[in-house]
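Q: Quick one: the structure is below, and I'll ask about it shortly.
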Number of protein chains: 2
Amino acid sequence: MKNRKIILKKRPVGMPLPSDFSNEEELMPVNREGEILLKSVYVSVDPYLRGKMNGTHPPIFELNESVASKIIAEIVESNNDNYKKGDFVSGYLDWKMYQTSDGKTLQKLDANAAPLRAYLGVLGITGLSAYIALMDIGKPKTGETLVVSGAAGAVGTIVGQIGKIMGCRVIGIAGTDEKVALLKSKFGFDEAINYKTAPDIKAAIATLCPSGVDIYFDNVGGTISDAVIANLNEYGRVPVCGSISNYNDVEEKTGPSLLPLVVYKFLTIQGFIIGDHVARFPEVTTQLAEWLKEGKLTYSETILEGFDKLPEAFIGLFEGRNEGKMIVKI
Amino acid sequence: MKNRKIILKKRPVGMPLPSDFSNEEELMPVNREGEILLKSVYVSVDPYLRGKMNGTHPPIFELNESVASKIIAEIVESNNDNYKKGDFVSGYLDWKMYQTSDGKTLQKLDANAAPLRAYLGVLGITGLSAYIALMDIGKPKTGETLVVSGAAGAVGTIVGQIGKIMGCRVIGIAGTDEKVALLKSKFGFDEAINYKTAPDIKAAIATLCPSGVDIYFDNVGGTISDAVIANLNEYGRVPVCGSISNYNDVEEKTGPSLLPLVVYKFLTIQGFIIGDHVARFPEVTTQLAEWLKEGKLTYSETILEGFDKLPEAFIGLFEGRNEGKMIVKI
């Protein structure tokens, strides 16, 4: 039996292309003493991987080496006393059908507490990022107005729901009428805007936010963000969690200068990295799982099936093809 | 005897002009029961007043009414038991030779503890802003690199010196070779750049900051800020205390999009308003006075003499005519 892997063939320039990746065969790995043999089950594909492909988000991927991301795997063979065959684990693993690990950086998953895939989304880095960035930087208070861009994405849907739990009026921005409808019907957003059809996003935000915007949770950057930031109230907070509109830029983008607004309105604009908050993961995961159980939090996934769908799923992120968390089922 | 006042005649469009102001006579004020009659001694002129002239920085000045700012005044007549003739006070007062007050919002000054004018600068809002914005948002640590724009201004010179006290490497940006020399010789900056003659500010910063920039204290906005922000390290902090390059803009300025950098480098960009920190004024003033006495802190002033110099002094702020705090001696 041969193993399979997806390698980075070329560093993407602009929009990533299928030809930047290659689906290759290799020898099956040897499961040494102390190791476990893993079979990939669910693979998380995420916008931040784009930066690892061309060096803006270190550590970067080497050319002709396997891409890597958060993966849920089944243990199919164990030479390690800490793990037994049939257990499920998650970790930052290679885009391979099979791989070995010493298990040191893996987390064991409880398949009974929640569906396995939830550990890639609402109970994984996605939910943790949404919660911690909104709470720490956004500091939502009852009666405030929260605007979320990339609202129908994995982080955005969770941010909006936590905003509602915190008592905010929540407005989402997304790119199709279907997503806009879903934000209101499934995720409880008060209002949502289709930025592709709104003639004037700045005016649309002003209309939907008669008391102005207190928190702007930014997943996208670019002109959408400029339009929301122009509507911020004094002391507005901007957790910046992603900038998907810029990840594929070849040249530096320009926009309205933010600094005068920062001065006049005493704004806080802050980037967020989940790695700084590892100590709080257990506490936050418990809170998210509780809200899930109580039905206060729901989530959606877009699942593509088949190992060879990995590049397509990744590219699809930048085409807005996902609703919620994008996952490939192997 | 007639009183004199400087009123706002027109709302400035772009650069303020002498014709936006008018020097007028009026009747002397009547000093009623419970009031004190004040004679202006030193008047602080500050860039933020520009925003009050055209409405971007409320409360705004009314047309044909007196401009107002922080003023040190002598009590020339008292009908109020809390104040006696000959005392000096500071407060937010009108640009008038004489005015009355009920004394409620005035501070008594100790003319023996420090020169009176220091209460408009290093021991006033200027020093308080420099200290609190640098400490709270900048969070300077020993060995870090701090870059200050508008470095030869009132806030900038104090920020740089506090940065040195905190153990930072400090680089200043100013607009003349004289200011650059003074930053190094008088204020102890490690290096300074003349942004008007540097062929490439971004490259100059990179050369002078081989370990990158950890804190950028921004007084100016615009292209200078873009050049420094491009050199920020991960977790960089940007206290935004002023945006003098933009105060006279008629049209919205554009520049490189900051949000992608905020995401990739986990930056914090935060506006600052001194009014939020009133409770800490006594403690911070004590610290600044101590540093002054120990010779760790020095300051400079540009003093114009004569009541009618007020508009000229204000306009001079935007022409870089001041070194340190701009004050008009009446």
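Q: Distance between the C-alpha centers of the stretch A:138-193 and the stretch A:58-104? Whole Å please.
A: 34 Å
Q: Based on the alpha carbons, how large is the Rg to Rh ratio for the stretch A:106-197 when Rh follows Kirkwood?
A: That ratio equals 1.02.
Q: Could you check the spin-label model distance between residue B:177 and residue B:24? Points 7 Å from the Cα along Cα→Cβ, value in nm.
A: With each label placed 7 Å out from Cα toward Cβ, I get 4.7 nm.
Q: Translational diffusion coefficient, Stokes-Einstein: compute it for chain B using the Kirkwood radius over C-alpha pairs as Rh, at 20 °C and 1.002 mPa s, and state it as an integer in µm² s⁻¹.
A: Calculated translational D: 104 µm²/s.
Q: Could you list B:105, B:126 so that the one with the fewest beta carbons within 10 Å of its beta carbon is first and the one with the most is last?
A: Lowest count first: B:105, B:126.
Q: Which value, in Å to one decimal place, does the Kirkwood hydrodynamic radius take for the stretch A:23-96 when every pair of different Cα atoms is included?
A: 13.7 Å
Q: Identify which of A:190, A:136, A:87 has the largest mean-square fluctuation in a Gaussian network model of chain A, with springs joining Cα atoms closer than 10 Å.
A: Of the options given, A:136 has the highest mean-square fluctuation.
Q: Next up: Net charge near residue A:86, counting Lys/Arg +1 and Asp/Glu -1 over other residues with Cβ under 13 Å of its Cβ?
A: Counting the neighbours of residue A:86, the net charge comes to +1.
Q: Give the long-range amide H neighbours of residue A:255: residues separated by 5 or more places, or on another chain, with amide H under 5 Å away, using H modelled in the peptide plane at 1.01 Å from N.
A: Excluding prolines and chain starts, which carry no amide H, the hits are B:255, B:257.
Q: Starting from the Cα of residue B:329, draw a straight line to each of the aspartates and glutamates and keep only those under 16 Å, dropping any in the same chain fewer than 8 residues away.
A: Partners within reach: B:46, B:74, B:94, B:301, B:305, B:308, B:312.
Q: Ok, one more. Using helices alone, I'd like the mean residue ellipticity at 222 nm for chain B: each DSSP H run of four-plus residues gives -39500 (n - 2.57), total over residue count, nearest 500.
A: So the helix-based figure for chain B works out to -7000 deg cm²/dmol.
Q: Please tell me which of these pairs span more than 23 angstrom C-alpha to C-alpha: B:5/B:84; A:70/A:108; A:39/B:265; A:52/A:253; A:164/B:265; A:52/A:296?
A: With Cα atoms farther than 23 Å apart: B:5/B:84; A:39/B:265; A:164/B:265; A:52/A:296.
Q: Let me ask you something else. On alpha-carbon atoms, Rg over Rh for the protein assembly as shown using Kirkwood Rh? Before the final figure, lay out each step's value.
A: Details: Rg = 29.4 Å, Rh = 27.7 Å.
Computed over Cα atoms, the ratio is 1.06.
Q: Could you work out the relative contact order of chain B? I mean the mean sequence separation of Cα pairs under 8 Å and 6+ apart, divided by the number of residues, in percent.
A: It rounds to 18 percent for chain B.
Q: Set the Förster distance to 45 Å, then compute FRET efficiency between residue A:198 and residue A:2 from the Cβ-Cβ distance, nearest 0.05.
A: That gives a FRET efficiency of 0.35.
Q: What list do you get for A:56, B:197 if you sort them by fewest beta carbons within 10 Å?
A: B:197, A:56
Q: What percent antiparallel are the DSSP beta bridges of the stretch A:86-206, to the nearest 5?
A: Just about 20 percent of them are antiparallel.
Q: Starting from the Cα gyration tensor of the stretch A:125-275, take the square roots of the eigenvalues, sort them a ≥ b ≥ c, and report rounded, prolate or oblate (rounded when a/c is under 1.5, otherwise prolate if a/b is larger than b/c, else oblate).
A: rounded
We did not get these values from a lab; they are worked out from the coordinates using the rules stated. Note that the coordinates shown come from a computational prediction; the quantities given were computed from them, not determined experimentally. Please note: Cβ atoms are built from the backbone with ideal geometry, for glycine as well, and neighbour counts cover all protein chains shown.
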